[in-house]
Amino acid sequence: MNIMGIIASQQREGNTAFIVNKLLEGARENGAQTQSFCFSDLDIKPCRGCWACHKNDQGCVIKDDMQKIYNAMEYTDIIILGLPIYMGQMSAQGKIFTDRLFAQRSPRFSPFFKDNAVKRQIVLSFNQGNPNADLFKPYIDYTSQMFKTLEFEVKEIPVVTGLRSGSIYDRKDLCRDLKKIGSGLVVPDKNPAA
Ligand SMILES: Cc1cc2nc3c(=O)[nH]c(=O)nc-3n(C[C@H](O)[C@H](O)[C@H](O)COP(=O)(O)O)c2cc1C
């Protein structure tokens, strides 16, 4: 099983990276193959809104590092999307990633996306400074619904709160919980190699 993480944060050693890496660690310990992409290492431009992707089957015409993610998504079973809350919403990096999915994941709007009409699985992993877990619930529910319209099955929505006080590296319970969620994503191979 292949699971990929996307860290929609510029902070390579930040909270979002920590969380996505713990989820992936749990998945690996249960037998998954994993890889991750962090926005700090990528040059991904915003969607131009040119609609070229909907006029033929060329995909997105912006040839930047998003092409690596499109390619990786082809053989990924589950995407873990790490989204820090900035100003009450997903980070700008998360929004850029989401908009660029329009070139592949909107089969309702383009006949060229037939192959991509296959449902893919996603984990929306939010994190925030505020300790109140309900504070952004309407936004998070709305975002989950939006991913469903892009033909994603939303598997889990872990929300890590209270990150404005103390270091995430000291939260041992959190590490355990995240690894457990990551491990629980792994479905045993029905046809293991003999
Ligand atoms: C520009 C900016 C805006 C933020 N806005 C919010 C916010 O509206 N609500 C909140 O609870 N936390 C907010 N935070 C805190 C982040 O959600 C939190 O620190 C997160 O874990 C940062 O992840 P990172 O280390 O990957 O950047 C904000 C942080 C930044 C840098």
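Check F136, F126, F147 and return the single one that is more than 16 Å from the ligand (Cβ to nearest atom) and of a type outside the set (D, E).
F147
Is it the case that the stretch 20-37 has a residue that's at pLDDT 95 or above, over 17 Å from P158 (Cβ atoms) and within 13 Å of the chain's Cα centre (by Cα)?
Yes, some residue in the stretch 20-37 is at pLDDT 95 or above, over 17 Å from P158 (Cβ atoms) and within 13 Å of the chain's Cα centre (by Cα).
Taking only the stretch 143-170 into account, find how many residues are among the charged types (D, E, K, R), out of contact with any Gly (no Cβ under 9 Å at 6 or more places or on another chain) and more than 18 Å from T98 (Cβ to Cβ).
Result for the stretch 143-170: 1.
For V154, indicate whether it is surrounded by fewer than 17 Cβ atoms within 10 Å (Cβ to Cβ), under 16 Å from the mean Cα position of the chain (by Cα) and under 18 Å from I80 (Cα atoms).
When the stated conditions are applied, V154 passes them.
In this structure, does D41 turn out to be within 16 Å of the ligand (Cβ to nearest atom) and among the charged types (D, E, K, R)?
Yes; evaluated as a whole, the condition is true for this residue.
Can K68 be described as basic (K, R) and within 16 Å of the ligand (Cβ to nearest atom)?
When the stated conditions are applied, K68 does not pass them.
Results for (1) within 14 Å of the ligand (Cβ to nearest atom); (2) among the aliphatic types (A, V, I, L, M); (3) touching a residue at least 40 places away in the same chain (Cβ under 8 Å); (4) in contact with a strand residue (DSSP E or B) (Cβ under 8 Å, 6 or more places away or on another chain), shown as yes or no for each residue.
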{"residue": "N15", "(1), (2), (3), (4)": "yes, no, yes, yes"}
{"residue": "I19", "(1), (2), (3), (4)": "yes, yes, yes, yes"}
{"residue": "C47", "(1), (2), (3), (4)": "no, no, yes, no"}
{"residue": "C50", "(1), (2), (3), (4)": "no, no, no, no"}
{"residue": "I62", "(1), (2), (3), (4)": "no, yes, no, no"}
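Does the stretch 7-15 contain any residue that is out of contact with any Lys or Arg (no Cβ under 6 Å at 6 or more places or on another chain), at pLDDT below 95 and aliphatic (A, V, I, L, M)?
No - not one qualifying residue is present in the stretch 7-15.
Given the conditions (1) in contact with a helix residue (DSSP H, G or I) (Cβ under 7 Å, 6 or more places away or on another chain); (2) within 17 Å of T76 (Cα to Cα), and given that V187 satisfies all but one, which numbered condition is not satisfied?
Against the list (1) in contact with a helix residue (DSSP H, G or I) (Cβ under 7 Å, 6 or more places away or on another chain); (2) within 17 Å of T76 (Cα to Cα), V187 comes up short only on (1).
Filter the stretch 77-91 down to residues that are open to solvent by less than 10 Å² (accessible area, probe 1.4 Å) and more than 16 Å from the ligand (Cβ to nearest atom) and give me whichever is farthest from P138 (Cα to Cα).
Ranking the qualifying residues of the stretch 77-91, first place goes to I78.
Can you name the residue in the stretch 152-176 that is more than 21 Å from L135 (Cα to Cα) and touching a residue at least 12 places away in the same chain (Cβ under 8 Å) and, of all such residues, is farthest from the ligand (Cβ to nearest atom)?
E153
Could you please find all residues in the stretch 11-34 being open to solvent by 60 Å² or more (accessible area, probe 1.4 Å) and not charged (D, E, K, R)?
Q11, N21, N30, Q33 - these are the residues of the stretch 11-34 that are open to solvent by 60 Å² or more (accessible area, probe 1.4 Å) and not charged (D, E, K, R).
The values are calculated or read from the model by the stated rules, or taken from the named source; none is laboratory data. Quick caveat, the model's predicted, so the values are computed rather than measured. Here Cβ is always computed from backbone atoms with ideal geometry, including for glycine, and neighbour counts include all displayed protein chains. These area figures cover heavy atoms from the full protein model, side chains too; ligands, DNA and RNA do not enter into them. Shrake-Rupley method; radii C 1.70, N 1.55, O 1.52, S 1.80 Å.
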